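*Asks:* This is the structure I want to talk about, given as structure tokens.
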Amino acid sequence: MARILIIEGDRATGTLVLTLAQGMNHEAELVADPTAGLERMDDQPFDMVISDVHMKPLNGIELLERIRAQHPKTRVALFSGVASAGQAIGRD
């Protein structure tokens, strides 16, 4: 069983990912934005973060960089509902 932090601003999507993680017997939590996610990670360790790429004030790539610097053992999976990686991080 892994401890998973889900960072997703869209409540329906976040709840879906949370339900899937819990359904696979993982301990999972959902937060609505990357700043709250980083604060939660400072409070408690997580084995994995699952996060949307298209967010503010940090996009998923910036979030990944901060997690790697502050919590290097935490695995990260990024996802997006947009068509391209450039759109997801605001470069298209």
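The values are calculated or read from the model by the stated rules, or taken from the named source; none is laboratory data. Keep in mind that this is a model prediction, so the values were computed, not measured. For neighbour counting, all protein chains shown are included, and Cβ atoms are generated from backbone atoms with ideal geometry for every residue, glycine included. For accessibility, only protein heavy atoms count, side chains too; no ligands or nucleic acids. Shrake-Rupley method; radii C 1.70, N 1.55, O 1.52, S 1.80 Å.
*Asks:* Pairs needed: first member in the stretch 11-25, closer than 16 Å to L78 by Cβ; second member anywhere, small (G, A, S); C-beta distance under 7 Å; at least 6 residues apart or different chains.
*Replies:* A21/A28
*Asks:* So, one more: So which residues in the stretch 2-49 are open to solvent by 60 Å² or more (accessible area, probe 1.4 Å) and among the basic types (K, R)?
*Replies:* Matches in the stretch 2-49: R11 only.
*Asks:* For the stretch 58-73, which positions are surrounded by fewer than 11 Cβ atoms within 10 Å (Cβ to Cβ), part of a loop (DSSP other than H, G, I, E, B) and of a type outside the set (D, E, K, R)?
*Replies:* Answer for the stretch 58-73, where residues must be surrounded by fewer than 11 Cβ atoms within 10 Å (Cβ to Cβ), part of a loop (DSSP other than H, G, I, E, B) and of a type outside the set (D, E, K, R): just P72.
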